[in-house]
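Accompanying notes for the structure given below.
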Amino acid sequence: MIRPFGESGLLVETGDAHRAQALAIAVRGAMPDAVAVVPGLESLLVELDASTDLEGAARRLEQLAAGAAAAALAGREITIPVSYGGTGGPDLADVAETCGLSEAEVIELHLGSELRVLFLGFAPGFAYLGGLDEGLRVPRLATPRTRTLAGSVAIADSMTGIYPADLPGGWRIIGHTDLVMFNPHRDPPALLAPGDRVRFERVGS
Amino acid sequence: MIEVIEAGPLTSVQTASGRPAWRHAGVPVGGAADAWSARLANRLAGNADDASLLEITLGGARLRFDEATVIAVTGGTRVTMGGIDLPAATAVALRAGSQLSVEYGDGARGYLAVGGGIEVDDVLGSRSTDLRSGFGGHEGRALRSGDRLEIGPASGRSGRWTGKRDDGPLRIVPGPHGDPRDLEGEWIVGVEADRIGVRLDGPRLTGREVPSMGLPLGAVQVPPDGRPIVMLADRPVTGGYRVPACVIGADIGRVAQLRTGDELTLVAVSLEEARQAMRRAEEELAAIEPVEGSGDELGWAGSHR
């Protein structure tokens, strides 16, 4: 399904993030009139040159989507050290209660999840990690915090992520990492990229 | 060199196109909120469209130029020198030592371009300031009093604008969810109006969360509370709310000039009308005649130290 998005944009519904990433690569290679290509959780936004005929572009995107479905991102293996609970993980007890688990069990399930970077958004370097254990499904906070500290490891719905900077946020914070997730003067600036496989490793208490 | 005597509530170094190449890493596009006015100021000052310039929010800025330079101011602020208004949308030659005030005017943001642009380092391919994440522009932050900004080499060209900006209703086209005609009518700008977006007060719409997706400039998001937000330059790369409409490219800069309490009208148009409006906005942007002669003939140089 391809939907209009503004006077020069199309939103391609891909069903999942991996297909969106694969289609993004195909579009960047095959459509020079695509001036912006932005993958999301289940879709790809393609912004086209103002002179492009949108119906023709939609047909080209349909063909590319059919071919790109099978492609897979290589990705890297990245380990992120986390200290769970305490002042760095203020929502650990609430999450345990919501899930009907002990705090130790929440930590075990988080450590045991096979996580992959689905896409980056929200803020520079913020990677949405999919594959969170089904036992850890919690809704976002009803009232988001005005400030979630950089390095906060948090969960919401089927995803987990790490706040790259002090930001407002509605995810539930269960731990903290000292890794710098984003530095504009580093190459590449973001620690994580789509397709990367991420493993958390427990440190400290 | 430009010395910032007073910075006002929010003044920063921006570029018209922002930082579009790093969205895959979650970096917002940013840049001038009213990019059309930023491009116009640059053209008048003899710069390339994307030269770095000052975005001055709600006035309140005082600047001292310690070298001779050409400036041009566009957008919603007024500029005075020694208490006298300077002509808007026209290049003005300043003598070394000139002091300017950029004051509250008829819109939220003014753009002050200097011939040669503001010299700051490129970060991730742009000189614009990412105010939320704190990088780019001048030390990654809004300007404060005492800051000193370097000016680049000027082209020597300068111009006067003879065009006209549309002032009719703000036009919208479809987003991925629902019908833009549901948003047609009168709205009032809410308390939340910044570089990220402008919230509109009026009838409650149907809002809901959707799977996070890329957000183009001008997308109108409707969160579960039913109050729409028009997304501007500093919007996040992705958003997770229903988008029934988008403000067209030709009109989005005008949204960035709205202030809390301002009234506006939204009207749905076809994609063809939207693209035509964009072409006309580009034509109006190009309606510039050269300003001839030296600074002294412009009548302002040095008369108000």
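Each of B:61, B:185, B:27 was placed along the dipole of chain B (beta-carbon charges, centred on the mean Cα), and the one lying farthest toward the positive end is B:27. Each listed q (0.08, 0.09 Å⁻¹) maps to a log10 I(q)/I(0) for the protein assembly as shown, found by the Debye formula over equal Cα scatterers with no solvent: -0.53, -0.67. Model label sites at residue B:162 and residue B:119, defined 7 Å from Cα along the beta-carbon direction, differ in position by 3.6 nm.
If you place +1 on the Cβ of every Lys and Arg, -1 on the Cβ of every Asp and Glu, and leave all else neutral, what size is the dipole of the stretch A:114-205 about its Cα centre, to the nearest 20 Debye?
200
Averaging the Cα positions of each part gives two centres, and for the stretch B:141-208 and the stretch B:81-130 these lie 19 Å apart. Helix B:35-44 axis versus longest C-alpha principal axis of chain B: approximately 20°, rounded to the nearest ten. Relative contact order of the stretch A:1-140: 19 percent, from C-alpha pairs under 8 Å at least 6 residues apart in sequence. Return the whole-Å distance between the Cα centroid of the stretch A:164-205 and the Cα centroid of the stretch A:108-126. The distance from the Cα centre of the stretch A:164-205 to that of the stretch A:108-126 comes to 8 Å.
Nearest 10 degrees, 0 to 90: what angle lies between the long axis of helix B:271-285 and the longest principal axis of chain B (Cα atoms)? Value to nearest ten degrees: 10. Among residues other than residue A:78 with Cβ under 9 Å from its Cβ, the summed charge is +1 (Lys and Arg +1, Asp and Glu -1). Can you give the translational diffusion coefficient of the stretch A:105-205 in µm²/s, computed by Stokes-Einstein from the Kirkwood radius over Cα pairs at 25 °C and 0.890 mPa s? Using the Kirkwood radius from Cα pairs, D works out to 179 µm²/s. What FRET efficiency comes out for residue A:134 versus residue A:1 if R0 is 35 angstrom and r is the Cβ-Cβ distance? Round to the nearest 0.05. Computed FRET efficiency for residue A:134 and residue A:1 comes out at 0.80. Counting Lys and Arg as +1 and Asp and Glu as -1 over every other residue whose Cβ lies under 9 Å from the Cβ of residue A:170, the net charge comes to +3. Dividing the summed -39500 (n - 2.57) terms of all DSSP H runs of n ≥ 4 by the residue count of chain B sets its mean residue ellipticity at 222 nm at -3000 deg cm²/dmol. List residues of the stretch A:169-187, by number, whose backbone nitrogen lies under 20 Å from a label position 7 Å along Cα→C-beta of residue A:103. Hits in the stretch A:169-187 for residue A:103 at 20 Å: A:171-178.
If you wrap chain B's Cα atoms in a convex hull and average its projection over all directions, what's the area in nm²?
On the way: hull surface 58.3 nm².
Result: 14.6 nm².
DSSP assigns beta bridges within chain B; of those with both partners inside it, close to 95 percent run antiparallel.
Any read-out appearing in this document is the output of simple, stated calculations on the displayed coordinates, not a laboratory observation. All values derive from a computational prediction rather than experimental measurement. Using ideal geometry, Cβ is built from the backbone for each residue, glycine included, and neighbour counts are taken over all protein chains shown.
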